[in-house]
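The block underneath contains the structure these notes are about, expressed in structure tokens.
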Amino acid sequence: MNYDEAVDYLYSLGHEMQAMKLGLDRIRRLAHACGDPQLRFPAVHIAGTNGKGSTAAMVAAIAQSSGLRTGLFTSPHLVEITERIEIDGRAIDKADFARLGSIVREAGERLVVDGEAAAAPTFFEQVTAIGYLYFAEREVDLAVLETGLGGRLDATNICRPVVTAITPVGADHQQYLGETLAEIAGEKAGILKPGVPLVLAPQRREAADTIVARAAQIQAPIIDFNSIWELIVSPGPVESVGCYRLYCRTANDVYETVLSLRGRHQAINAVVSILVAEQLALRGFPLAREAVATGLSNAQWPGRLELLETGWGRHILIDGAHNPDGARKLRAFLDEHFTGVCLTLVFGVMSDKALDEMAQVLFPAASVVVAAPIANPRAVAPERIAELAERRGCRAIVAESAGDAIEVAMRETAEAGVVCACGSLYLVGEISREVKPRNTRKKDAEIAEKI
């Protein structure tokens with residue numbers, strides 16, 4: 001298969017969420033058929049509801065700054081599926097993705113022919129196997145793995161972790177993980193392994209009790225966020241909108257840096273990353289204080305409080321806030337940095353999300369809500385979003401596409417105002433896909449004018 005054929009095949013397996021089948025039997029059989037690549041590199045395994053992707057990006061940046069060949073596996077992607085699999089900050093190239101995708105596809109099809117599987121492994125299982133093969137083939141020194149959904153039955157959970165981490169747990173994907181916070185936390189705690197240290201972010205009591213009980217049951221030592229001695233978070237440089245200075249004193253060292261990822265909440269993810277780095281250092285990985293500071297100041301995590309130049313003469317803030325906790329963090333960021341500024345909200349969301357609660361948090365901050373369609377069968381109809389916005393006293397406009405939503409937002413927003421797109425990573429991906437080619441065309445035109 002070439003790259004396009006490999007991508008088409010994966011999508012033919014069904015939508016990633018709708019065709020998902022939680023369980024480890026298929027991925028174990030698939031990995032074994034591929035030579036068990038997940039056993040050929042050490043890993044940091046990260047679960048949680050919010051912040052797990054940012055934390056994974058930070059840990060990977062720290063490891064890379066230390067000179068380690070570092071793999072990073074995340075999901076979902078924004079524009080290209082190759083974004084999910086990186087080594088040292090560079091996505092797997094399309095030729096390697098196609099080549100390894102062919103190996104994984106053939107292995108999966110053999111499982112069906114041999115009667116070891118009733119159907120081909122799922123989209124996420126096959127992409128996970130591609131990532132594991134790539135990391136093993138390139139002999140990474142460390143792989144940082146973000147769970148896709150939950151943890152206990154997630155396809156990433158056949159790895160060999162040397163450290164695990166759980167970021168804040170909240171309500172999300174209840175139809176898969178359970179209705180209560182304790183049930184959801186129990187699924188996240190499924191990544192714990194006997195004797196493997198767990199770095200635990202601040203949690204609500206119900207979630208914390210569940211995770212601590214599981215750790216005690218399997219004798220996994222816990223490094224708690226509250227074990228740090230001192231934490232000071234202050235505004236960063238004026239030119240770095242929304243970035244913060246971090247001073248963190250642990251029992252082992254002192255760390256000072258300016259975080260590259262925007263939002264005060266990133267301080268929690270940064271401290272979790274620092275504690276993970278310290279645990280790695282205790283296990284022989286060469287992670288010095290300077291590398292930790294450098295990694296935290298260089299980490300990149302697209303689509304999360306990211307400012308994009310739109311080509312319309314201004315920036316748009318995009319954020320993958322897709323549940324109530326994420327919405328509250330975004331609202332806090334907007335209130336802190338754009339108080340009194342006219343805000344246009346471009347909003348699209350999936351039908352399995354807490355739309356009413358997210359709207360309650362975000363819509364009152366907006367002067368205009370542009371309801372954006374998303375090319376996904378699970379997406380809420382933009383007309384419903386517009387109706388909900390109007391019920392809350394906001395002026396609402398229904399857009400015809402992601403590109404149209406941006407054009408409408410730019411037209412409706414005063415020059416001193418701000419445009420923010422949020423509600424779903426799928427929407428953020430569609431907007432990124434629309435904006436970046438426009439920026440390229442703009443730069444090409446600017447170059448042409450100078451010739």
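None of the figures in this text is laboratory data; all of them are computed from the coordinates on show. Since this is a predicted model, take the numbers as computed values, not measurements. Quick reminder, even Gly has a Cβ in these numbers, built from the backbone with ideal geometry, and neighbours come from all protein chains shown.
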At q = 0.09, 0.11 1/Å the base-10 log of I(q)/I(0) from the Debye formula over the alpha-carbon atoms of the stretch 306-450 is -0.25, -0.37
In nm, to one decimal, how far is the Arg160 label point from the Asp352 one, both placed 7 Å along Cα→Cβ? 3.3 nm
Determine the alpha carbon to alpha carbon distance for each of Lys52/Lys329; Lys329/Lys353; Lys94/Lys188 and list only those over 24 Å. Lys94/Lys188
How big is the gap, in Å, between the Cα center of the stretch 88-150 and the Cα center of the stretch 234-256? 37 Å
Pop out the Kirkwood hydrodynamic radius of the chain from its pairwise C-alpha distances, inverse of mean 1/r, in Å to one decimal. 22.7 Å
Between Leu282 and Ile103, what length in nm is gained on full extension when 0.36 nm per residue of separation is reduced by their alpha carbon distance? 60.8 nm
Treating only the Cβ atoms of Lys and Arg (+1) and Asp and Glu (-1) as charged, compute the dipole magnitude of the stretch 226-355 about its Cα centre; round to the nearest 20 debye. 160 debye
Rounded to one decimal in nm, the spacing of the 7 Å Cα→Cβ label points at Ala213 and Thr339 is 4.2 nm
Under the Karplus curve 6.51 cos²θ - 1.76 cosθ + 1.60, θ = phi - 60°, whole-Hz ³J(HN,Hα) for the stretch 233-246, x wherever Gly or Pro sits: 10, 9, x, x, x, 4, 6, 9, 4, x, 9, 10, 7, 10
How much length, in nm to one decimal, is gained on full extension between Glu400 and Glu412, taken as 0.36 nm per residue of separation minus their Cα-Cα distance? 2.8 nm
Answer in debye to the nearest 20: the dipole magnitude of the chain about its Cα centre, from +1 Lys/Arg and -1 Asp/Glu charges placed on Cβ, is 620 debye
Calculated FRET efficiency for the pair Leu307/Ile232, C-beta based, R₀ 30 Å, to 0.05: 0.75
What number, rounded to the nearest 500 deg cm²/dmol, is the helix-based mean residue ellipticity at 222 nm of the chain, given -39500 (n - 2.57) per DSSP H run of at least four residues and division by all its residues? -13500 deg cm²/dmol
Roughly what would the spin-label model give for Met1 and Arg90, points 7 Å off Cα along C-beta, in nm? 2.4 nm
